[in-house]
Amino acid sequence: MTPEWDLVVVGGGPAGMTAAQYGARANLRTLVIEEMAAGGAVLLISDMENYPGFPEPVNGYEFSEAMRQQTENFGAVFKSATADSITKKNNIFTVETSDGPVTSWTVVLSTGAKHRHLGAPGEEEFSGRGVSYCATCDGPFFKNKKMLVVGGGDSACDEASYLANLTEKVVMIHRRDRFRAQKVLADRVQNNSNIEVRLNHTLEGIQGESKVGRVVLKKTDSGETYEEEFDAVFIFIGADPQTSMAPDLEKDDAGYLITNQNMETSLKGFFAVGDVRATPFRQVVVAAGEGAVAAHMAAAHIDDIKGEVYAGIK
Ligand code: NAP
């Protein structure tokens, strides 16, 4: 049996779309399955300043849209559906989707990671009523208001800097005595007069009437807790990889998919790229590069199945 597609990409962020571009350009019949809009997490970036080739910051939505058009120009097809499960039998993958099954010689998983919740009392209750996980989406609702940012990584620093353009009153707490974030991003936060950094702090609770009104904070060195009024709480404490639809593959302790340098997982013909993959540096440019490698190696895998592999590519 010949499958319908050569390459099925599950997840249409920069990693997946680059895989699809390279696949389609290499004449692979390429399908991208995406349940939301193409672009993934990049859609939420207001100003992306570190993607090569853009001397001025580029808006994440515009960047994603350009990438989607370029992907279609190369001949890849987009399908709007949710991928529920992926199985492999006799060298052929079947992806069960909300819009029926699709079959392929190879699969690239680029489903990314979903923001983590803190589990603090009041967090779920006030979600959408002052508690947010996206500064560009919800920050403008709290212009000139007092905002709390929780987290110490790149996301927290980036998003706090964004929020500091909207108000002079951003307080940022982190549970340790220094940031995990890249130095350039941490320095930007520390040097921003609109951001007050409080290290060794945790968020113990969120309170209010119909919306966020105040929070309970804890100083981890002394154990002292205190209440403080806030209008909004932005939580950026990392993300969990989206792998529920994937077969049982080798993962790291945090659940990210482990691949070899060809982006191939422990299952032949199944590749993982971008934020779903165990990688030391999660960046849009890295994700795109991973997508290119995966598509190239997917083509080699198909040649291998067909007995047409070019010497040296394995
Ligand atoms: P991250 O690097 O995993 O950082 C998460 C932060 O949240 C850490 O500081 C962590 O504290 C803290 N945290 C986790 N669980 C917590 C809890 N229960 N209570 C309090 N604090 C908690 O996640 P991220 O910042 O979302 O970044 C994800 C990836 O995307 C990273 O690889 C990052 O480099 C990349 N990224 C890059 C950029 C950029 O280059 N501009 C922007 C955004 C994201 P500990 O430090 O104590 O663990």
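Of interest is the spacing of the C-alpha centroids, which for the stretch 93-132 and the stretch 8-68 amounts to 17 Å.
Please label the shape of the stretch 46-139 as rounded, prolate or oblate, based on the square roots a ≥ b ≥ c of the eigenvalues of the alpha-carbon gyration tensor (a/c under 1.5 means rounded; beyond that, a/b larger than b/c means prolate, else oblate). Since a/c reaches 1.5 but b/c is at least a/b, the shape of the stretch 46-139 is classed as oblate. Among the GluC sites (Glu not before Pro) found in the stretch 38-67, those both in a DSSP coil and sparsely packed, with 11 or fewer other Cβ atoms within 10 Å of their Cβ, are E49. Between amide H atoms placed 1.01 Å from N, distances below 5 Å from N59 occur with M48, all of them 5 or more places distant or on a separate chain.
How about the stretch 148-237: which GluC sites (Glu not before Pro) there lie in a loop by DSSP and see at most 13 other Cβ atoms within 10 Å?
On the way: sites: E159, E168, E196, E204, E209, E224, E227, E228, E229; in loops: E168, E209, E224.
Of the GluC sites (Glu not before Pro), the ones in loops of the stretch 148-237 whose Cβ has at most 13 other Cβ atoms within 10 Å are E168, E209, E224.
In a DSSP loop and with at most 10 other Cβ atoms within 10 Å, the trypsin sites (Lys or Arg not before Pro) in the stretch 166-236 are R178. Here the Karplus curve 6.51 cos²θ - 1.76 cosθ + 1.60, taken at θ = phi - 60°, turns the phi angles of the stretch 29-43 into couplings of 5, 10, 10, 10, 9, 9, 8, 10, 7, 4, x, x, 4, 5, 4 Hz, with x standing for Gly and Pro. Residues in the stretch 116-122 carry Karplus couplings, in order, of 8, 9, 7, x, 6, x, x Hz; the curve used is 6.51 cos²θ - 1.76 cosθ + 1.60 with θ = phi - 60°, and Gly or Pro positions show x. Pairs exceeding 21 Å between alpha-carbon atoms, taken from K169/K218; K88/K251; K114/K219; K88/K306; K89/K306: K114/K219.
I want to verify the translational diffusion coefficient of the chain in µm²/s; compute it with Stokes-Einstein, Rh as the Kirkwood radius over Cα pairs, at 10 °C and 1.306 mPa s. Diffusion coefficient, whole number: 76 µm²/s.
Below 8 Å between Cα atoms, with a sequence gap of 6+, how large is the relative contact order for the stretch 117-235 in percent? Write down the numbers at each step before the final one.
Details: 257 pairs, mean separation 37.4, N = 119.
Value for the stretch 117-235: 31 percent.
How far, in degrees from 0 to 90, does helix 60-73 lean away from the longest principal axis of the Cα atoms of the chain, to the nearest 10? Taking the Cα atoms of the chain, the angle to 60-73 is about 10 degrees. Using R0 = 45 Å, the C-beta based FRET efficiency linking R175 and K89 works out to 0.45. Taken per residue, the accessible surface of the chain reaches 49 Å², heavy atoms only and a 1.4 Å probe.
Helix-derived [θ] at 222 nm for the chain: sum -39500 (n - 2.57) over DSSP H runs of at least 4, divide by residue count, nearest 500?
Working: 6 runs with 70 residues, N = 314.
Helices in the chain give a 222 nm mean residue ellipticity of -7000 deg cm²/dmol.
Our estimate of slack between K306 and V184, defined as 0.36 nm per intervening residue step minus the Cα-Cα distance, is 39.1 nm. Calculated over the stretch 117-235, the projected area of the Cα convex hull averaged across directions stands at 6.5 nm². The phi-based Karplus calculation (6.51 cos²θ - 1.76 cosθ + 1.60; θ = phi - 60°) puts the 3J(HN,Hα) values of the stretch 150-155 at 10, x, x, x, 4, 4 Hz, whole numbers, x for Gly and Pro. Taking amide H as placed 1.01 Å from N in the peptide plane, G122 has its amide H under 5 Å from the amide H of I206, each at least 5 places away in sequence or on another chain.
The values are calculated or read from the model by the stated rules, or taken from the named source; none is laboratory data. These numbers come from a predicted model, not from an experiment. FYI the Cβ positions are ideal-geometry reconstructions off the backbone, even for glycines, and counts take in every protein chain you see. The area values use the complete protein model at the heavy-atom level, side chains included, leaving out ligands, DNA and RNA. Shrake-Rupley method; radii C 1.70, N 1.55, O 1.52, S 1.80 Å.
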